[in-house]
Amino acid sequence: MTGRRSVETPIEDTFTKYLTDKGKGDAGEEGAYRADAERELHRFRRWCLGHTSDSANASPPESWGGIVDGDTVRFVDLDTTVFSDYARYLSTAGYAAGTVLTYYAHVASWCGWAHAQGYLPRHYARESDAEDPLPENDGRRPGDQQAWEPIHRDLITQFVDRRVSEAFDALGAIKVSHADRGDPESEVWQAKQKARFTAYQRCREQALVYVIAYTGLRGSEFLSAPKEDREGRNGIRWRDVSFADSSVTVFRKSREWKEASLPEPVITPLKRYAEVLDVPDSWPVFTTLHRPSLASHVTEGLADAGLDDDTIERVRAGAPDLIVAAEHDLDAPKPLTTDGARSIMERLWTHDALAERRDELDLSLDGNYLELHGGRRGGGEVLVRQFGYAAAARYLDNSEEQVREAYQHIEAAERADMATEAFSQTDQRISDR
């Protein structure tokens with residue numbers, strides 16, 4: 001809220017103002033754009049109230065209950081997820097791609113106007129997470145979006161596995177005498193702590209890669225999504241992870257807490273990562289390693305604990321800040337953001353050691369690096385091919401209709417094979433090939 005307007009205002013109270021601003025004529029009551037915009041705003045409101053079926057966000061579609069319990073939608077009820085779900089609803093309603101984009105643009109324009117007028121703190125409708133479900137309008141097919149292939153998973157996981165192994169070898173090679181152990185002024189102890197931190201970094205990279213590659217989770221479900229203000233979009237915590245049940249509790253796109261699966265390949269990297277540094281269950285699984293942020297966090301935390309400046313400087317000189325935070329039981333550092341995870345994936349994929357191997361295999365990739373959502377799409381492709389659309393939809397926490405739309409290239413290929421087999425039984429020229 002900016003102070004100019006109240007977030008408690010019902011959204012329909014602003015429709016006339018917006019349409020008048022956009023309309024033609026002396027009173028702003030004319031024009032085709034105004035008529036189209038009015039239709040789409042009321043479509044959006046009906047959807048928000050649950051007065052329409054929605055096969056993308058509810059199963060069965062008739063069970064869609066909207067985003068509010070009552071009969072009034074207020075600006076406080078809107079956020080990025082709402083517009084993302086609405087984009088998904090339009091995208092699966094049977095309209096052509098251009099029509100979906102046009103309908104959504106009307107609602108997005110009103111959202112931008114509401115932001116400028118002070119009803120909304122941000123232009124939610126044009127944030128990347130909101131627009132993600134919208135169709136491409138450049139002729140690309142669903143199967144053209146990046147999806148990790150088996151060779152991509154093998155290459156990136158082998159790479160991070162090797163880096164973890166090398167880090168632990170280096171850690172084990174540093175021998176610390178009993179006299180030096182725990183002494184922040186000991187050079188060998190400092191070297192040991194730095195090597196321990198490097199091992200933590202490598203385990204963090206490894207765990208991140210495996211979660212992206214094999215869980216099918218959306219980035220915003222297990223990392224911090226800074227554009228989302230709600231609880232559940234600030235990164236999973238260790239308390240959310242159950243190794244016994246091979247599961248993790250995440251806040252899904254449906255705005256519900258649900259158990260997601262942790263396949264066997266993910267368990268070992270996560271366990272190793274958890275063992276490198278003993279941290280409270282309240283800590284994020286994936287913490288930020290941004291140096292200025294950690295420096296400020298640790299300095300303030302130690303000061304709050306009663307340490308003077310000289311002691312704080314001595315403690316921080318003996319070990320990296322994250323290790324200091326863990327060993328002094330400080331509050332949890334900030335979680336890793338989705339942008340931070342993308343930077344890690346780009347840094348790994350473009351690493352010289354990996355680039356050499358990529359060149360040997362002559363790998364092609366839609367994009368400059370292995371994207372977060374590419375891991376989810378790649379996992380979905382495997383599940384669709386192995387177990388079908390319904391099983392893949394359950395694992396990905398999507399409707400079967402959405403999964404069929406996203407992976408329709410698989411069904412098209414299967415139909416082509418079926419037709420080829422059928423014609424080979426009847427047409428001599430086909431059977432001779």
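Looking for something touching a Pro at 6+ places or on another chain (Cβ under 7 Å), charged (D, E, K, R) and assigned to a helix (DSSP H, G or I) - is there at least one such residue anywhere in the range 192-206?
Yes: the range 192-206 contains one or more residues that are touching a Pro at 6+ places or on another chain (Cβ under 7 Å), charged (D, E, K, R) and assigned to a helix (DSSP H, G or I).
Checking the condition touching a residue at least 24 places away in the same chain (Cβ under 8 Å), surrounded by 20 or more Cβ atoms within 10 Å (Cβ to Cβ), under 22 Å from residue 151 (Cα atoms) and in contact with a helix residue (DSSP H, G or I) (Cβ under 8 Å, 6 or more places away or on another chain), which residue from 302, 361, 370, 365 passes? Can you show your working first?
On the way: 302 fails: under 22 Å from residue 151 (Cα atoms); 361 fails: surrounded by 20 or more Cβ atoms within 10 Å (Cβ to Cβ); 365 fails: surrounded by 20 or more Cβ atoms within 10 Å (Cβ to Cβ).
Unique residue meeting the criteria: 370.
Among the listed residues 339, 397, which satisfies the condition of being under 20 Å from residue 84 (Cα atoms), assigned by TED's automatic domain parsing to the domain that holds residue 293 and out of contact with any Cys (no Cβ under 6 Å at 6 or more places or on another chain)?
Working: 397 fails: assigned by TED's automatic domain parsing to the domain that holds residue 293.
Going through 339, 397 in turn, just one is under 20 Å from residue 84 (Cα atoms), assigned by TED's automatic domain parsing to the domain that holds residue 293 and out of contact with any Cys (no Cβ under 6 Å at 6 or more places or on another chain): 339.
Which of the following residues is touching an Asp or Glu at 6+ places or on another chain (Cβ under 8 Å) and within 30 Å of residue 67 (Cβ to Cβ): 249, 215?
249
Can you pull out the residues in the range 49-80 that are buried (at least 22 other Cβ atoms within 10 Å of the Cβ) and assigned to a helix (DSSP H, G or I)?
Listed by number, the residues that qualify are 75, 80.
Hey, among the residues in the range 243-268 that are free of Cβ contacts under 8 Å to residues at least 60 places away in the same chain and in a loop (DSSP other than H, G, I, E, B), which one's surrounded by the fewest Cβ atoms within 10 Å (Cβ to Cβ)?
It comes out as 244.
Condition test on residue 229, is it over 22 Å from residue 330 (Cβ atoms), at pLDDT below 95, touching a Pro at 6+ places or on another chain (Cβ under 9 Å) and outside any helix (DSSP H, G or I)?
Numbers: over 22 Å from residue 330 (Cβ atoms): yes; at pLDDT below 95: yes; touching a Pro at 6+ places or on another chain (Cβ under 9 Å): yes; outside any helix (DSSP H, G or I): yes.
For residue 229, the condition - over 22 Å from residue 330 (Cβ atoms), at pLDDT below 95, touching a Pro at 6+ places or on another chain (Cβ under 9 Å) and outside any helix (DSSP H, G or I) - is met.
Can you say whether residue 211 is surrounded by 21 or more Cβ atoms within 10 Å (Cβ to Cβ) and not in a loop (DSSP other than H, G, I, E, B), as far as the supplied structure shows? Spell out the reasoning first.
Numbers: surrounded by 21 or more Cβ atoms within 10 Å (Cβ to Cβ): yes; not in a loop (DSSP other than H, G, I, E, B): yes.
Criteria met by residue 211.
Can you find a residue that is surrounded by fewer than 21 Cβ atoms within 10 Å (Cβ to Cβ), farther than 29 Å from residue 349 by Cβ and touching a Cys at 6+ places or on another chain (Cβ under 7 Å) anywhere in the range 91-109?
no
Do you know which of the residues in the range 277-302 that are β-branched (Val, Ile, Thr) and either under 23 Å from the mean Cα position of the chain (by Cα) or at pLDDT 95 or above (or both) is farthest from residue 216 (Cα to Cα)?
The extreme case among them is 299.
Against the definition (within 18 Å of residue 222 (Cβ to Cβ), of a type in the set (Asp, Glu) and assigned by TED's automatic domain parsing to the domain that holds residue 211), how does residue 309 come out, yes or no?
Against the criterion (within 18 Å of residue 222 (Cβ to Cβ), of a type in the set (Asp, Glu) and assigned by TED's automatic domain parsing to the domain that holds residue 211), residue 309 does not qualify.
Considering only residues that are part of a loop (DSSP other than H, G, I, E, B), buried (at least 16 other Cβ atoms within 10 Å of the Cβ) and at pLDDT 70 or above, which ones fall in the range 8-48?
Across the range 8-48, the qualifying residue is only 9.
Restricted to the range 143-177, and to residues that are not aliphatic (A, V, I, L, M) and not in a helix (DSSP H, G or I), which residue is surrounded by the fewest Cβ atoms within 10 Å (Cβ to Cβ)?
Taking the range 143-177 and keeping what is not aliphatic (A, V, I, L, M), we get 143-146, 148-150, 152-154, 157-159, 161-163, 165-166, 168-169, 172, 175, 177.
Filter once more, so that each one left must be not in a helix (DSSP H, G or I): 145-146, 148-149, 175, 177.
Details: 145: 15, 146: 18, 148: 25, 149: 16, 175: 8, 177: 10.
In this case the residue turns out to be 175.
Given the conditions (1) charged (D, E, K, R); (2) loosely packed, with under 13 Cβ neighbours inside 10 Å; (3) outside any loop (DSSP other than H, G, I, E, B), and given that residue 271 satisfies all but one, which numbered condition is not satisfied?
Among (1) charged (D, E, K, R); (2) loosely packed, with under 13 Cβ neighbours inside 10 Å; (3) outside any loop (DSSP other than H, G, I, E, B), the lone unmet condition for residue 271 is (2).
Which residues, taken from the range 210-226, are within 13 Å of the chain's Cα centre (by Cα) and at pLDDT 90 or above? Steps first, please.
Taking the range 210-226 first, the residues within 13 Å of the chain's Cα centre (by Cα) are 211-213, 215-226.
The answer is 211, 212, 213, 215, 216, 217, 218, 219, 221, 222, 223, 224.
The values are calculated or read from the model by the stated rules, or taken from the named source; none is laboratory data. It should be emphasised that the depicted structure is a prediction, and the values quoted were computed from it without experimental measurement. Positions of Cβ are generated from backbone atoms using ideal geometry, with glycine treated the same way; all protein chains shown enter the neighbour counts.
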